[in-house]
Amino acid sequence: MKNVTTWSQRILKFTCATAIVLGTACSTEELALSPEEQAADLKSKTTTVESQLERLTKKMQRFHNFKVAEAQGFIAVSPYIPHMGIHFGQLDRFDADFILEEPEILLYVTEEDGSMRFVAVEYAVPVALSATPPEGFVGDDDHWEFNPNVAGGSWTLHVWMVEENPNGIFAPMNPNIPAAPAN
């Protein structure tokens, strides 16, 4: 642990020194952080949208089995929507927070054999709980939109991390998803 602590302190000091050279500086609060806090602070500064998507994809692997989604309390909250699929929500998750590994909605499409194929997730934050969309993912690529049809009006964000979307991973609709269900 001493080596990790020493390493994180060195990285923070190097980052601060580099920032000073580039015309910015670390605050005294950053320099006063404990080694554990410094490591957490460094980690938060190095998070990328790619690393967030990787974490989300790993966490959602279990939902490729539709029975797992049902067992975890996800219920149909929409009929089949063209270029999206069927939305299954876990109503207890609808709150004012963006929690990366706990999307409110899972999207599935019906296959020819009647099975359900997991294609995406959707985050939803009711406007009644937050007048503005949450920060969401790192960077500016995720564009939350107001959807009056979700939970009485919500900020929503689709993430097509399973089914590739030529319009972008955060686009609301995906032309690769059929306009009509398979059966």
Flag for Asn167 being in contact with an Asp or Glu (Cβ under 7 Å, 6 or more places away or on another chain) and outside the structural domain of Phe63 (by TED's automatic domain parsing): no
Condition met for Ser130 (in contact (Cβ under 8 Å) with a residue 40 or more places away in the chain and of a type in the set (Ser, Thr, Tyr)): no
Yes/no for Ala120 being modelled with pLDDT under 95 and within 24 Å of Glu70 (Cα to Cα): no
Test: residue in the stretch 86-109 that is free of Cβ contacts under 8 Å to residues at least 24 places away in the same chain and among the small types (Gly, Ala, Ser): no
Only listed residue being surrounded by fewer than 14 Cβ atoms within 10 Å (Cβ to Cβ), farther than 17 Å from Tyr123 by Cα and modelled with pLDDT under 95, chosen from Lys67, Lys45: Lys45
Lys13 vs. criteria over 17 Å from the mean Cα position of the chain (by Cα), modelled with pLDDT under 50 and of a type in the set (D, E, K, R): yes
Residue tally, condition touching a residue at least 60 places away in the same chain (Cβ under 8 Å) and part of a loop (DSSP other than H, G, I, E, B), over the stretch 46-76: 2
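The values are calculated or read from the model by the stated rules, or taken from the named source; none is laboratory data. These numbers were taken from a predicted model, which means no experiment stands behind them. Here the Cβ is made from the backbone with ideal geometry for all residues, glycine too, and neighbour counts use every protein chain on show.
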